[in-house]
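The values are calculated or read from the model by the stated rules, or taken from the named source; none is laboratory data. Just so you know, these numbers come straight off a predicted model, no measurement behind them. Because the Cβ atoms are built from the backbone with ideal geometry, glycine has one as well, and the counts that use them run over all protein chains shown. We work out accessible area using only protein heavy atoms, side chains counted, and drop any ligands, DNA or RNA first. Shrake-Rupley method; radii C 1.70, N 1.55, O 1.52, S 1.80 Å.
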Amino acid sequence: MPITERWLLPEGVDEILPEEAENIESARRKLIDLFYSWGYELVIPPLIEYLESLFTGTGTDLELQTFKLTDQLTGRLMGIRADITPQVARISAHRLKRKGITRLCYIGSVLHTLPKNLGGTRNPIQVGAELYGHKGIESDIEIIRLAIESLFQSGIEKICLDLGHVGIFQNIISQVRLSKAQEYVLLDIVQRKAQDEIENALIEYQIDSKYSKILMVLISLHGGEEVIQEAERYLMDNEAIDALATLKKTASAIQKYFPSLPIHFDLAELRGYHYHTGLVFSVYTPKYGQAIVQGGRYDGIGQNFGYAQPATGFSIDLKKIITSYPKPYHRIYARWIEDVKFEQEVLRLRQQGEKVVYGLSDTKEDYEVLGCNRRLILEDGQWKVIRIK
């Protein structure tokens, strides 16, 4: 390989340079402290596990995104995690097995075989929180509140919350006789909101007109509160009505905590259809075209690890929000001198949380390269910090 190509990274795999690394680490500390303040405990799952464990309870959603390799000790297939959530569910259900409510949080790198969007990263940094042992609406509200507070803590304030409920589509499909292949086709069409395609599929699969009409309407049910009102006209099944009631109660509660937060409903939001079991949510920001937070309820996964428990949680790609909202350096440049009072002032500033960079002898004062926007100077016998023009 030519020397000029030895530094190349695989497509979609990126490294984090100093400014972004500092911002990511700062955000990580703030978020973990925030989770701690809400009573969430940190866990650190392994980067690699046997495939059976990684895929348990997730259907086929993660299989295509997971890099696989053979364990040289056992000959068994292993995978590099593509999502930390199933690992945390395993820890809660298999290792902790606590009675009552368990709150866990995590942060770590994951690896995807393919980027989730064009030009996206294949090695995100995933941070999130999960609540186990409670299936009431209060835990869904808590998780959504914590997700929103996480973004605020990261300096992102202009956001929009999208709410959905996979139970509505699941309930309709359970009443229609379809093969698994046909179900997957319909699922894909509804997610893409492809109106012309669903008409053809419904005719081809000979679905009863009652359910065909509901599925046709479902694609268009995204927007404000009018979406729920429109859905109530068509969804007469008790389970579907309960799902709509959950959405209304959740939105009302979140609006009380965040009065200015825009809330939208999308009844065709079926992300994680084979994984989630109820309410799902996403958070968007005007600066980024895709969701920066995703979460929802997944009550079925604990049972697959031998300890059934309801669960809800969310995850954030920390790298995504930091690169979308970069923060400039705020350092102080201090030309080093051998002086006790100078060192005391530098120490005082660092103890206050300031970042102080020594200017060493025989070096150019390149403030931009050093990331400094202020200088420490001696004026009238007093040390002062001034702005660099």
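Structure data summary
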| quantity | calculated |
| --- | --- |
| Members of the range 29-44 found to be touching a residue at least 12 places away in the same chain (Cβ under 8 Å) and under 17 Å from the mean Cα position of the chain (by Cα), listed by number | Lys30, Leu31, Ile32, Leu34, Phe35, Tyr40, Leu42, Val43, Ile44 |
| Filtered residue count, the range 72-91, keeping only those that are in a loop (DSSP other than H, G, I, E, B) and surrounded by 12 or more Cβ atoms within 10 Å (Cβ to Cβ) | 4 |
| Pairs with Cβ under 7 Å, 6+ apart, first in the range 288-309 and without any contact (Cβ under 8 Å) to a residue 24 or more places away in the chain, second open to solvent by less than 50 Å² (accessible area, probe 1.4 Å) and in a strand (DSSP E or B) | Gln294/Ser282; Gln294/Phe314; Gln294/Ser315 |
| Filter result (open to solvent by less than 80 Å² (accessible area, probe 1.4 Å) and either in contact with a Cys (Cβ under 9 Å, 6 or more places away or on another chain) or under 20 Å from Phe265 (Cα atoms) (or both)) within the range 192-217 | Lys193, Ala194, Gln195, Ile214, Leu215, Met216, Val217 |
| Selection within the range 190-223 - in a loop (DSSP other than H, G, I, E, B) and of a type in the set (Lys, Arg) | Lys193 |
| Residue in the range 265-281 that is within 30 Å of Lys319 (Cα to Cα), of a type in the set (S, T, N, Q) and open to solvent by less than 10 Å² (accessible area, probe 1.4 Å) present | no |
| Selection within the range 377-389 - touching a strand residue (DSSP E or B) at 6+ places or on another chain (Cβ under 9 Å) and either open to solvent by 50 Å² or more (accessible area, probe 1.4 Å) or in a strand (DSSP E or B) (or both) | Ile377, Leu378, Glu379, Trp383, Lys384, Val385, Ile386, Arg387 |
| Among residues of the range 154-183, those that are within 23 Å of His264 (Cβ to Cβ), of a type outside the set (Phe, Trp, Tyr) and in a helix (DSSP H, G or I), counted | 6 |
| Those residues of the range 94-107 which are at pLDDT below 95 and either assigned to a strand (DSSP E or B) or among the basic types (Lys, Arg) (or both), in sequence order | Arg95, Lys97, Arg98, Lys99 |
| Hits in the range 293-305 - residues which are over 21 Å from Ala245 (Cβ atoms) and open to solvent by less than 10 Å² (accessible area, probe 1.4 Å) | Val293, Ile301, Gly302 |
| Filter result for Ile198 (β-branched (Val, Ile, Thr), within 22 Å of Gly136 (Cα to Cα) and free of Cβ contacts under 8 Å to residues at least 40 places away in the same chain) | no |
| Within the range 108-143, tally of residues that are open to solvent by 40 Å² or more (accessible area, probe 1.4 Å) and not in a loop (DSSP other than H, G, I, E, B) | 3 |
| Out of Ile168, Ile241, sole residue that is over 20 Å from Tyr298 (Cβ atoms) and either in contact (Cβ under 8 Å) with a residue 24 or more places away in the chain or out of contact with any Asp or Glu (no Cβ under 7 Å at 6 or more places or on another chain) (or both) | Ile241 |
| Subset of the range 362-383 [touching a Lys or Arg at 6+ places or on another chain (Cβ under 9 Å) and over 13 Å from Tyr329 (Cα atoms)] | Glu365, Arg375, Leu376, Ile377, Leu378, Trp383 |
| Those helices (runs of 4 or more DSSP H) lying entirely in the range 310-376 with at least 2 residues open to solvent by less than 80 Å² (accessible area, probe 1.4 Å), touching a residue at least 60 places away in the same chain (Cβ under 8 Å) and of a type in the set (A, V, I, L, M) | 318-324 |
| Check on Gly164, at positive phi, touching a strand residue (DSSP E or B) at 6+ places or on another chain (Cβ under 7 Å), open to solvent by less than 50 Å² (accessible area, probe 1.4 Å) and among the small types (Gly, Ala, Ser) | no |
| Enumerated strands (runs of 3 or more DSSP E) restricted to the range 250-302, each holding at least 1 residues that are under 21 Å from Asp83 (Cβ atoms) and of a type in the set (Ser, Thr, Tyr) | 279-285, 288-297 |
| Conditions (1) basic (Lys, Arg); (2) open to solvent by less than 50 Å² (accessible area, probe 1.4 Å); (3) touching a Gly at 6+ places or on another chain (Cβ under 6 Å): number failed by Arg103 | (2) |
